[in-house]
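Okay, so here's the structure we're looking at.
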């Protein structure tokens, strides 16, 4: 099964650019009601995914990992790329198998999908993956 069938294209996905400020990123997440959102570069490369927890920890940790709150005015100079935890939400290529997609879905609400050049092209949601496997296991009634 080709995962392109399940792909929610980039044009329909809320995402952040890595050079967005902390405040801009938080506002966009709040506006959409998401707990995690993909982050891409201005050239379209997938950088990672930022979560509510990443924002929270950025508010209370300094660069050494010590718990020390930052001032609200400092959120204007902090960028989304500065708070992403690398490898936390791995992406997949469009050619990935459904089984591999299911494996990733056990750890993520959505799986970012990239093309062969690493450009973000969309996401596949956990809901769509579960629906696929549920329909595959239970034959449709006539």
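Side notes on the structure shown:
- Residues located in segment 98-116, provided they are touching a residue at least 40 places away in the same chain (Cβ under 8 Å) and more than 15 Å from residue 48 (Cα to Cα): 98, 101
- Scanning segment 21-60 for residues that are surrounded by 15 or more Cβ atoms within 10 Å (Cβ to Cβ), part of a loop (DSSP other than H, G, I, E, B) and at pLDDT below 95 yields a count of 1.
The values are calculated or read from the model by the stated rules, or taken from the named source; none is laboratory data. None of the values given here were measured: they were computed from a predicted structure. All Cβ positions, even for glycine, are placed from backbone atoms using ideal geometry, and neighbour counts span all protein chains on display.
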